[in-house]
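Comments concern the structure below.
The values are calculated or read from the model by the stated rules, or taken from the named source; none is laboratory data. Everything numeric here is computed off the predicted structure, so don't read it as measured data. In this analysis, Cβ positions are derived from the backbone assuming ideal geometry, glycine residues included, and neighbour counts consider all displayed protein chains. Ligands, DNA and RNA are excluded from the accessible area calculation, which covers all protein heavy atoms including side chains. Shrake-Rupley method; radii C 1.70, N 1.55, O 1.52, S 1.80 Å.
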Amino acid sequence: MIAQLDAIHQDAQAAIEDARDDAALEEFRIRFLGKKGALTQAAAGMRNVSKEDKPAVGQKLNEVRKALTGFVEARSAELLALKDADAAKGVDVTLPGRRPQQAALHPLTQVMHRGISALRQMGFTLAAGPEVETEFHCFDALNTPEDHPARNEKDTFYFADGHLLRTHTSSVQVRTMETTKPPVRIIAPGSAYRRDEIDSTHLSVFSQMEGLYVAEDVSLGDLKGTLERLFRAIFGPKTPVRFRPHFFPFTEPSFEIDIKLQPKGQEPRWIEIAGCGMVDPSVFSQICESRGDDVYDPDKVTGFAFGLGLERLAMIMWGIPDIRLLIENDQRFLRQFASA
Amino acid sequence: MNTSLNWLQDHIDLSDYSTDTLSDLLTFAGVEVEGVQARGAVVDHVVVGQIKSSDPHPGADRLSVCQVDDGSGTLRQIVCGAKNYKVDDKVPVALPGAVLPGDFKIKEGKLRGVDSNGMMCSGRELQLTEDHDGLLILKTEAATGMPIGELFESDTLLELEITPNRPDCLSHLGIARELAALAKRPLKGVAHHGATTVIQQAAKPEEITLDATESCAFYTARRISGVTVGPSPDWLKSKLEAIGLRPINNIVDITNYVLFEMGQPLHAFDVAKLDGGIRVRLANDGEKFAALDGDEYALQTNDLVIADQSKVVAIGGVMGGEDSGVTDGTTDLLLESAYFTPSHIRRISRRLDLSSDSSYRFERGIDPAQTVGASELATKLILEIAGGEAEDVLLVAGEVPAPPSPVTLDHGRAQRLLGVDLTEAEMGEILTGLGLESQGDGAWKVPTFRGDLERHVDLVEEIARVYGIDKIPAREVASFAEPSKEDARYDATHQLRQRLVDLGYDDCLTIKLISDAQLGDDLCSLRLGRQTQAVPLKKPLSQDHTTLRPSVIPGLLDVAERNIRQGATSLKFFEIGTVFSKHEKSPKVLESQQLGIVLSGDMANPSWHGDAPGADLYDLIGLCEALFGGGKQAVSMRRLEQESLLAAAEILLGKTVIGRLGQVIPARAREMDCQGPLYVAEIDLGKAIKPSAPAEPVTDLPKFPAITRDIALEVPADMENAEVANFFSKRNDVLLVGFKMFDLFADPTGEKLPVDRKSVAYTLTYRSNDRTLKSEEIDKAHAKVLAALPKLGDVRQR
């Protein structure tokens, strides 16, 4: 009996080599393990084995069955692996993939977000105000005399009731101080409006970002530290930044800020990028009058303010040649900012 | 302001400064150098030539062919287009090889077939003068062949931007004074700016009456008789030409010279054209005035005029009259030097849209103390140059405005504002350099030309800019910040933008002003109710931008149209921005943040795998559901009738309408050349996002299996799905935990279903939280649902 089982084992070992496809493997299974298979029939012979031989023969039977089943499983796995390999045969990994549609944040959104992120890290929070403003918030409270050139209907959009479209986001400074006690440290990104014909460098509606920091003993050194860091955050940590004295009605001393950049294929040059200054005491006085208290007493608090044009920032950053590209929203233009 | 370096050197020695150093010195003290031009003929190969003959060009009427003596011994033939010369005139000749300003290379060549071996030049071509009307005619004494550089002194022209607070810098003396303070060196002290010597005599009423002291505080006049009007001497001409002014005659040139020398505008009247004494008065309403610029101006009652006994002869401080000025025949002059009030000049200059070198200075504020000195300097020059005799006395009316009040500098406060440890002495040195005088105890006397220094902070500014902002150390100190509502709003909005971008929608920004045509579009006013209106501008700049947008949709449709023209096949655009409206009964403009979406065409990138699916209404509905329905409240749609939309819906978040969407009527889409259906949505973000909503606790995962049963219902074709869904959501069997639609079937042929019927199929999910359900329990619950079906109306289970 044992010899018979060994013979079956040997036969199977030879036969499995020839089972090269599913049908042959099935044939193999039937021949050895099927109901009338060689092993099944041999197992039936257990009845006739003597009691003392039974454990040894039983063990042998199990061994052989396990081996034969193993043959089938191994060959089956091999055949599957061959099929799998076949299925992937001829797959050209260099064919183009199926890409998800990838759109882009508008360059102005991106440049604004960079500025906001940098300033938030320095402890600024966001503030907002209406775009349709009063003359008080846009001009009077910002120390802009009634006969200032900006305050006429040629340069500023007015409404029939005397309201106007804010000419700068600086009006948010006023609104914030009216409702918030110092210290304040805010940034206000948003739209501003000027009655300019639209051309390659002008828009009638454009984006600005305003900043204001008021507390006790805010100094010119704070202004420098904050703005140098801001522009280095946007344009790179080694960007040279310089301040030029200038004049604005609502700050004193006032400065324009230049950064030194190297436009593609050109010599490095200084590019004007923002205006800033220490808040003029007359602005604080106006706020005190408006609030009816003296928490912004110019003898007690000082502060700085700054404003920058976001279109200009974006144009400089990406070398955008015409400001109108920023309002046309041509997909071919926008998609260039997809990975930016 | 155009500033001549040579002229500046009349007042201060700058010979050791390079142009770059000088530019930086001024720029970093707040006087920005916007441009630098080398003046004077520093050009090689340009010589004095004499025109020996001039004949018409055979092939061109406007050209002449000249033979020019360039000193070489042979005549040079040059074709020329100018007309202002005569034979024997001497002119600059650029020889072949010369390179004129602007990198203009001169070569031998032919002009309309005639040889031309060089070029005769205008003043502007050589950057000697502004004159471009014809050739620059040189003095007859100039030697033929002499390099032109020997004839014209070289100079540097600085174009300075003077900020409105610094009128004292609007003259060469003023800039020199500024440089003296910055470079810490003395002024030369020009003789004619010394103490005044003329006797001032109060004018008699018949000489001068001053009736408007609010607009003109101080008025002086000097009578000079027997002058000879004629061309100015070369030194004077070249001074004016150096800063781009065209010499006119000796009297006018002298007044211009004094203006650019000292910053005091003057005016010379021809006494013969005056009817009696001068009256400084307010205009009569409707009074007309013919000004020097050739225009006539209608005056109003609060306009200040200079008049004689019968007529207006000047708009005070702005412009003289056509009929009273100095001409070649003038012999007797009345020389005006006055102080006009800045606010008055600003107002009238703006109203008349009339500006001059005079008004530019008066409206910013001149030094009131120099009125007499400037008159004396001009008088002295007139007598020297034009002859004649001046009266001994200067007629004056009114009073010189008071000098600026002293200002106190608080050293500690100044230090704190600057953030730098400057000593009191260092600050004092800077102020002294600027012409201020210490009066002790921190008080500083301000010079008359610095009326802008009124407050403590004004002194601090002077110290900052002279000390140099680059030397002030940057400080980096921050403090904790309380996030604001605006922070939360911004973050939520930015996250929304990012999600849309990740889903393939492009972030757009369009102009917030729209045209009347766009406003008239029904699509633009989905949001406006019967009582809500758009907000028009009072004075639009163009027909394209007349009104503040009440919606972002019109701008986005323009974006779609532009991109269709460019061949885009997947139109997925959104804009988030402010929209404006107002209630018809209130002037208050309401501003809110709106999201607009435009969708059409491919929903995936085109690929070799096959065509991308085209967008349909359910892509847009699904997008809105996904963007805003994340929280406890679900997003649902409610049918809306809208003229410009097919299949329109209101978007609801819970029970609140947050926006609208729909398919743009196809006729409109076709007008835009849009290839497939075009969809739009607008959502009021103020209602749709709650930036500071508290975190919602998570739901436990189910512990026991769920069993589903499908159900198909035959319902009337016009029954909205919302009705069916509502039926299921109202079943309050605890075991029924969910329902989901999975199929919709209708048969337009009527074979499988009548045409007025449709089949909707739902999967119902049953589950218990505390046990595995037995099939009898589910059967019972499901039977209850089926039994309730008649409540849904004309419904049959299939």
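Per-structure values
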{"read-out": "Test for residue A:144: is it polar (S, T, N, Q), assigned to a loop (DSSP other than H, G, I, E, B), more than 10 Å from chain B (Cβ to nearest Cβ) and buried (at least 17 other Cβ atoms within 10 Å of the Cβ)", "value": "yes"}
{"read-out": "Enumeration of residues in the stretch A:240-281 that are of a type in the set (S, T, N, Q) and either part of a strand (DSSP E or B) or at pLDDT 95 or above (or both)", "value": "A:251, A:254"}
{"read-out": "Residue B:160 vs. criteria open to solvent by less than 30 Å² (accessible area, probe 1.4 Å) and either more than 16 Å from residue B:242 (Cβ to Cβ) or in the same structural domain as residue B:64 (by TED's automatic domain parsing) (or both)", "value": "no"}
{"read-out": "Only one of B:711, B:683 that is closer than 30 Å to residue B:572 by Cα, of a type in the set (A, V, I, L, M, F, W, C) and either over 41 Å from the mean Cα position of the chain (by Cα) or assigned to a strand (DSSP E or B) (or both)", "value": "B:683"}
{"read-out": "Sole residue being open to solvent by 20 Å² or more (accessible area, probe 1.4 Å) and among the aromatic types (Phe, Trp, Tyr), chosen from B:362, B:449", "value": "B:449"}
{"read-out": "Any hit, the stretch B:324-336, residues being open to solvent by less than 10 Å² (accessible area, probe 1.4 Å) and among the hydrophobic types (A, V, I, L, M, F, W, C)", "value": "yes"}
{"read-out": "So residue A:90, is it under 30 Å from residue A:26 (Cα atoms) and either within 14 Å of another protein chain (Cβ to nearest Cβ) or part of a loop (DSSP other than H, G, I, E, B) (or both)", "value": "yes"}
{"read-out": "Test result for residue B:378, in contact with a helix residue (DSSP H, G or I) (Cβ under 6 Å, 6 or more places away or on another chain), crowded, with 18+ Cβ neighbours inside 10 Å and away from chain A (no Cβ under 13 Å)", "value": "yes"}
{"read-out": "Residues within the stretch B:437-458 that are hydrophobic (A, V, I, L, M, F, W, C), under 30 Å from the mean Cα position of the chain (by Cα) and either away from chain A (no Cβ under 14 Å) or part of a helix (DSSP H, G or I) (or both), tallied", "value": "1"}
{"read-out": "Residue B:99 vs. criteria touching a strand residue (DSSP E or B) at 6+ places or on another chain (Cβ under 8 Å) and open to solvent by 30 Å² or more (accessible area, probe 1.4 Å)", "value": "yes"}
{"read-out": "Count - residues of the stretch B:194-240 that are under 44 Å from the mean Cα position of the chain (by Cα) and open to solvent by 50 Å² or more (accessible area, probe 1.4 Å)", "value": "8"}
{"read-out": "The stretch B:728-744 residues that are acidic (Asp, Glu), paired with ones that are in a strand (DSSP E or B) (beta carbon under 8 Å, 6 or more apart)", "value": "B:743/B:712; B:743/B:759; B:743/B:760; B:743/B:761"}
{"read-out": "Residue count for the stretch B:555-592, restricted to those that are within 7 Å of chain A (Cβ to nearest Cβ), over 30 Å from the mean Cα position of the chain (by Cα) and basic (Lys, Arg)", "value": "1"}
{"read-out": "Residue in the stretch A:183-204 that is in a strand (DSSP E or B), away from every other protein chain (no Cβ under 11 Å) and buried (at least 20 other Cβ atoms within 10 Å of the Cβ) present", "value": "no"}
{"read-out": "Criterion: more than 30 Å from residue B:601 (Cβ to Cβ), of a type in the set (Ser, Thr, Tyr) and under 32 Å from the mean Cα position of the chain (by Cα) - qualifying residue of B:479, B:484", "value": "B:484"}
{"read-out": "Filter pass, residue A:236 being more than 11 Å from every other protein chain (Cβ to nearest Cβ), closer than 30 Å to residue B:471 by Cα and in contact with a Cys (Cβ under 9 Å, 6 or more places away or on another chain)", "value": "no"}
{"read-out": "Scan of the stretch B:722-768 for residues that are surrounded by 13 or more Cβ atoms within 10 Å (Cβ to Cβ), in a loop (DSSP other than H, G, I, E, B) and in contact with a strand residue (DSSP E or B) (Cβ under 7 Å, 6 or more places away or on another chain), ordered by number", "value": "B:735, B:746, B:753, B:767"}
{"read-out": "Complete set of residues in the stretch B:165-181 that are among the aliphatic types (A, V, I, L, M) and open to solvent by 20 Å² or more (accessible area, probe 1.4 Å)", "value": "B:173"}
{"read-out": "Only listed residue being under 41 Å from the mean Cα position of the chain (by Cα) and open to solvent by 50 Å² or more (accessible area, probe 1.4 Å), chosen from B:125, B:108, B:141", "value": "B:125"}
{"read-out": "Test for residue A:156: is it in a loop (DSSP other than H, G, I, E, B), open to solvent by less than 50 Å² (accessible area, probe 1.4 Å) and more than 10 Å from chain B (Cβ to nearest Cβ)", "value": "no"}
{"read-out": "Subset of the stretch B:594-614 (residues that are more than 10 Å from chain A (Cβ to nearest Cβ) and either aromatic (Phe, Trp, Tyr) or surrounded by 14 or more Cβ atoms within 10 Å (Cβ to Cβ) (or both))", "value": "B:594, B:595, B:596, B:597, B:598, B:599, B:600, B:601, B:614"}
{"read-out": "Residue among B:548, B:541 that is open to solvent by 30 Å² or more (accessible area, probe 1.4 Å) and among the aliphatic types (A, V, I, L, M)", "value": "B:541"}
{"read-out": "Identity of the residue in the stretch B:492-506, within 9 Å of chain A (Cβ to nearest Cβ) and among the charged types (D, E, K, R), that ends up surrounded by the most Cβ atoms within 10 Å (Cβ to Cβ)", "value": "B:506"}
{"read-out": "Qualifying residue in the stretch B:113-122 (condition: in contact (Cβ under 8 Å) with a residue 24 or more places away in the chain, assigned by TED's automatic domain parsing to the domain that holds residue B:50 and closer than 29 Å to residue B:356 by Cβ)", "value": "yes"}
{"read-out": "Scope the stretch B:38-88; condition under 17 Å from residue B:108 (Cα atoms), assigned to a loop (DSSP other than H, G, I, E, B) and of a type outside the set (Ser, Thr, Tyr); matching residues", "value": "B:44, B:45, B:70, B:81"}
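Residue-wise test of (1) assigned by TED's automatic domain parsing to the domain that holds residue B:554; (2) surrounded by 14 or more Cβ atoms within 10 Å (Cβ to Cβ); (3) closer than 21 Å to residue A:100 by Cβ; (4) in contact with a Cys (Cβ under 9 Å, 6 or more places away or on another chain).
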site	(1), (2), (3), (4)
B:618	yes, no, yes, no
B:631	yes, no, no, no
B:640	yes, yes, no, no
B:656	yes, no, no, no
B:670	yes, no, no, no
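Residues checked against (1) charged (D, E, K, R); (2) outside any loop (DSSP other than H, G, I, E, B):
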site: B:238; (1), (2): no, yes
site: B:251; (1), (2): no, yes
site: B:261; (1), (2): yes, yes
site: B:294; (1), (2): no, no
